[in-house]
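Some notes on the structure that comes next.
Derivation of every value follows stated rules applied to the coordinates shown; laboratory data play no part. Keep in mind the model is a prediction, meaning the values are calculated, not measured. Neighbour counts are summed over all protein chains in view; Cβ atoms, including those assigned to glycine, are modelled from backbone coordinates with ideal geometry.
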């Protein structure tokens, strides 16, 4: 699934995954003290916006420009700021920082790529990061 696939999906059906955060994401995030979170494959921002409203610093990444624009608009409506990068996580990752959490929620990857991208995240951001 590439950029044009996701742009078309988000253009045809805005808020494709809804506005509420993923139930598992919310449940697990609510157990943690706020810090800095990375959300690859974040789409239209429902989890990023929730995290930001809970005092998390949020860095999001997605390859869909349409999803990014929708997420930033959604964030403004909620009065929060998220740092949202446009790019394919297999080719690009945001600048190295210390993330407390990396959340892979509905991060659609072919099975063969999952291990590769997980190793890439750990190598880039460190062993101490918590993954959801």
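A Förster distance of 22 Å, applied to the separation of the beta-carbon atoms of residue 98 and residue 31, puts the FRET efficiency at 0.65.
Full extension of the segment from residue 8 to residue 114, taken as 0.36 nm per residue of separation minus the current Cα-Cα distance, would add 35.8 nm.
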